[in-house]
Amino acid sequence: MSINTFGHLFRVTTWGESHGPALGATVDGVPPGVEINEAMLQHWLDQRKPGQNKYTTQRREPDAVKILSGVFEGKTTGTSVQLMIENTDQRSKDYSEIAQKFRPGHADITYFQKYGLRDYRGGGRSSARETAARVAAGGLARAALTQLAPGIEITGYMVQMGPRKADPAKYDLAQIPQNPFWCPDADTAEAWAEDLDKLRKSGDSVGAVIEVVARGVPAGLGAPIYGKLDTDLAAAMMSINAVKGVEIGDGMAAACLTGVENADEIQMGPNGPEYSSNHAGGILGGISTGQEVVVRFAVKPTSSILTTRKTITVDGQNTDIITKGRHDPCVGIRAVPVGEAMMACILLDHLLLHRGQIGDAGGKIGG
């Protein structure tokens, strides 16, 4: 079973554990001739790596990616690309006290119930450390998109931490790299800093909502019913560790609208169809409209906290637990580059599917 793989033509298989010697991704279906090197991938990994500020885990990992196959003289060969990231700052002893206990809110108990054993060192495959491999694969997808569909731009940012939301009226994309929260609203970023300082010092954690927008996506990507672009995007975002909800466009808020409010009116513009709004998030009937593709996902609070919680042991005894070690007080912060990577992988996959089935045979509006 390919339960460690996603994608149709552009297929990504991730491997490795949080405290193993290394982790990485095997990427198949990469078009030949894509210009790529380790420095290009490292750019994206540096955005996700831990220990960059006091609001993320202090585990010090360089996340240096190595390309082991599929690239020759700076270009992809069309064969599978093997990417590897070595773990260098594991502290497995931090987890020795939970070897026989299940952390509430974590996958410890379900992994044990399914497999009959578990890697308690940081959670093994359930650790957010696995997402480094996705970001590496996403960097490869971005490089391919740059050559095949150069108009596509992917931007992710945090729009909510706990109950406090960013103000869309104050969004300035230039602010995103200027604060540790990837927030386009500078005032909200300052407030989040105060909120998170209090939580961090109290040994608690908090959830967040991330929005990922893809601009310049051509119309026609995706297919009806079982091949929908939004189906694959939702599955990709939901597969990210700690994600508990995904929305496309207005998402759940669409249930509060009337048909008149929800309909994105269409008129002909100088370069093709134009829409009065984008409640649909750039996807209708599972197929991209040419508008911005908008996806949001909710990340739950980090389950590993320094506050005592009740739990049970492997042999069924009631007990208490405090999770020591180095953890993110808001894991949603480092989920931003992961969401961008998953968007890139899915868009490239659907672009390749579209080229394979349709080519240039799509409908032309207005002659």
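The values are calculated or read from the model by the stated rules, or taken from the named source; none is laboratory data. Treat the numbers as computed from the prediction; the structure is a model and nothing was measured. All Cβ positions, glycine included, derive from the backbone under ideal geometry; neighbour counts span all protein chains shown. The protein model used for the area step is the full one, side chains on, heavy atoms only, and it has no ligands, DNA or RNA in it. Shrake-Rupley method; radii C 1.70, N 1.55, O 1.52, S 1.80 Å.
Split the accessible area of region 57-200 by element, probe 1.4 Å, and carbon with sulfur accounts for 51%. The solvent-accessible area of K228, taken with every protein chain present and a 1.4 Å probe, is close to 60 Å². The Rg/Rh ratio of the chain, with both radii computed over alpha carbons and Rh defined as the Kirkwood radius, is 0.98.
Extension gain for Y226-H43 works out to 62.4 nm (0.36 nm per residue, less the C-alpha to C-alpha distance). Each of F112, F297 has its accessible area taken with a 1.4 Å probe; listed largest first, they run F112, F297. Which of these, R121, R309, R103, has the largest mean-square fluctuation under a Gaussian network model of the chain (Cα springs below 10 Å)? With Cα springs under 10 Å in the chain, the top fluctuation among R121, R309, R103 is at R309.
Across D46, D172, D185, mean-square fluctuation computed from a Gaussian network of the chain (C-alpha pairs under 10 Å connected) peaks at D172. Largest accessible area first, the residues M40, M158, M268 order themselves as M268, M40, M158 under a 1.4 Å probe with ligands, DNA and RNA left out. Its Cα gyration tensor gives region 90-202 an equivalent ellipsoid; the semi-axes, largest first and in whole Å, are 34, 24, 12. Counting heavy atoms of the protein chains alone, D28 has an accessible area of about 80 Å² for a 1.4 Å probe. Estimated from the Cβ-Cβ distance and a Förster radius of 30 angstrom, the FRET efficiency linking D315 and T88 is about 0.30.
In the context of the full set of protein chains, residues of region 137-234 present 44 Å² of accessible surface per residue (probe radius 1.4 Å, heavy atoms only). Each Lys and Arg contributes +1 and each Asp and Glu -1, all at the Cβ; summed about the Cα centre of region 129-181, the dipole is approximately 160 debye. Placing +1 on the Cβ of every Lys and Arg and -1 on the Cβ of every Asp and Glu, with no other charges, gives the chain a dipole of roughly 1300 debye about its Cα centre.
In this rough spin-label picture, where each label sits 7 Å from Cα along the Cβ direction, the R215-L306 distance is 4.1 nm.
If R0 equals 30 Å, the separation of the Cβ atoms of A169 and Q147 corresponds to a calculated FRET efficiency of about 0.25. Each Lys and Arg Cβ is given +1 and each Asp and Glu Cβ -1; about its Cα centre, region 196-308 then shows a dipole of about 620 debye. Put a dot 7 Å past the Cα of A361, heading toward its Cβ, do the same for K244, and the two dots end up 4.6 nm apart. Taking Y115, Y275, Y226, Y157 and ordering them by how much accessible surface each has at a 1.4 Å probe, largest first, produces Y226, Y115, Y275, Y157.
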